[in-house]
Each structure stands twice: as C-alpha cells, then as structure tokens.
1. Among the listed residues ILE3, ILE18, ILE38, identify the single one that is of a type in the set (A, V, I, L, M, F, W, C), over 11 Å from the mean Cα position of the chain (by Cα) and at pLDDT below 95.
2. Would you be able to say whether some residue in the range 91-108 is of a type outside the set (Ser, Thr, Tyr), within 20 Å of ILE6 (Cα to Cα) and either at pLDDT below 95 or out of contact with any His (no Cβ under 7 Å at 6 or more places or on another chain) (or both)?
3. Give me the residue from the range 8-49 that is among the charged types (D, E, K, R) and more than 17 Å from ALA142 (Cα to Cα) and, out of that set, surrounded by the fewest Cβ atoms within 10 Å (Cβ to Cβ).
4. Going by the conditions given, is LEU103 more than 22 Å from LEU143 (Cβ to Cβ) and under 18 Å from the mean Cα position of the chain (by Cα)?
5. Quick check on ALA117: is it small (Gly, Ala, Ser), at pLDDT 95 or above and buried (at least 17 other Cβ atoms within 10 Å of the Cβ)?
6. If you check PRO151, PRO138, which single one turns out to be at pLDDT 95 or above, over 19 Å from ARG10 (Cα atoms) and either over 13 Å from the mean Cα position of the chain (by Cα) or in a helix (DSSP H, G or I) (or both)?
7. Is there any pair with a first residue in the range 33-50 that is free of Cβ contacts under 8 Å to residues at least 60 places away in the same chain and closer than 10 Å to TYR85 by Cα and a second that is in a helix (DSSP H, G or I) and of a type in the set (Lys, Arg) whose Cβ atoms are under 9 Å apart and which are 6 or more apart or on different chains, and what are they?
8. Quick check: anything in the range 94-103 surrounded by fewer than 16 Cβ atoms within 10 Å (Cβ to Cβ), among the aliphatic types (A, V, I, L, M) and part of a loop (DSSP other than H, G, I, E, B)?
Amino acid sequence: MIIKIIEAIRIAGASFGIYWSYYIGMESSTPAESVLHILTPWIIVSIAGTSAIEGLFFGKQAAAEKGFKNDGNYAYQSRIALLSYAVLSLVVYFANWGTHAELTIMLTFLFFMFFSAINHGYQAIVHHNYHWANLNRPFLTALLIAAMWYPVTNVLF
C-alpha cells in the first residue's frame, strides 16, 4: 500500500510542478528559462526524490510491486544516484547557478528516465512482467519529455 501512495505522490508532484511552472513561468519576460527554473526541482524531486525514498526505505516492497524477485545491492546504488539527482537539483535551484546548470541536471535526469522507460518496457514485453510500473513508465516518460520539450529546446536553441 505504501508503494502505491508514494507512486501517487510522485505522479501528483510531477503533474503539479508542470502546471505550476508553466502557469508562473509563461508570464515572465524569459518564459522558457523561467519554466525550466521552476520545473527542474519540481520534476526531479517529485520523481527521483520519491523513487530514492521508496527504494531506500521500502526496497523489498517496491521490487515486489514492480514484479522483480529480489532487491539487490546494485538497485541500492541506483537509489543513491536518484537521491543525488534530487539533492543536486535543489542545490542548483537555491544557489541560483543559472539556466545552464538547470539544463544540465534536467537533461541528465531525462536521459536516465528515457533509459529507465526502455528497461520497463523491455521487462513488460520480453519478460511478460505486466506490473503497473512496467506498463506506465514508457507512457509517463513520453509525457514528461513532451512537457520538457518547450523549455529545453528553447534554452538549447
């Protein structure tokens, strides 16, 4: 049950962050940079932060919920990486390191999410692991990339 609650918090936090960043950011004189500035900590803390907490404190339940047989030491290393994304996104935000730092941490996180989505899709298709996380991750990641498209491409180009 706790894993489902954390998953709901993750999705709700990311969804609210997308709404809030566009609502506030589009009214500024530099909308793409403002959206990225607000969205970076919201998205990364909502997704990576809750994933890290889920795994660090409820690893066995999280693995079972996703249809994996065990919760190995290598998975623990991934949780620490997710926690580092979340913490670094907050450092970048509060230290006001600027748009390029926000873009760097966001792109790093999006690449992780993209490859994670491929892994979850692979688990569903090849291993017939039809648990919710394996089915929804590719679609939620595509929505996340779509939400990030405007600020990322406008800041890059």
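The values are calculated or read from the model by the stated rules, or taken from the named source; none is laboratory data. Quantities reported herein were computed from a predicted structural model and do not represent experimental measurements. FYI the Cβ positions are ideal-geometry reconstructions off the backbone, even for glycines, and counts take in every protein chain you see.
1. On the way: ILE18 fails: at pLDDT below 95; ILE38 fails: at pLDDT below 95.
Being of a type in the set (A, V, I, L, M, F, W, C), over 11 Å from the mean Cα position of the chain (by Cα) and at pLDDT below 95 holds for just one of ILE3, ILE18, ILE38, which is ILE3.
2. Kept after step one, since they are of a type outside the set (Ser, Thr, Tyr), are these residues of the range 91-108: 91-92, 94-98, 100-103, 105-107.
Narrowing further to those that are within 20 Å of ILE6 (Cα to Cα): none.
Checking the range 91-108: not a single residue is of a type outside the set (Ser, Thr, Tyr), within 20 Å of ILE6 (Cα to Cα) and either at pLDDT below 95 or out of contact with any His (no Cβ under 7 Å at 6 or more places or on another chain) (or both).
3. The selected residue is GLU27.
4. On the way: more than 22 Å from LEU143 (Cβ to Cβ): no; under 18 Å from the mean Cα position of the chain (by Cα): yes.
It is false that LEU103 is more than 22 Å from LEU143 (Cβ to Cβ) and under 18 Å from the mean Cα position of the chain (by Cα).
5. Values: small (Gly, Ala, Ser): yes; at pLDDT 95 or above: yes; buried (at least 17 other Cβ atoms within 10 Å of the Cβ): yes.
Considered against the rule, which asks whether it is small (Gly, Ala, Ser), at pLDDT 95 or above and buried (at least 17 other Cβ atoms within 10 Å of the Cβ), ALA117 comes out as yes.
6. Numbers: PRO138 fails: over 19 Å from ARG10 (Cα atoms).
One residue alone meets the criteria, PRO151.
7. Listed pairs, sorted by first residue: GLY49/ARG10.
8. There is at least one residue in the range 94-103 that is surrounded by fewer than 16 Cβ atoms within 10 Å (Cβ to Cβ), among the aliphatic types (A, V, I, L, M) and part of a loop (DSSP other than H, G, I, E, B).
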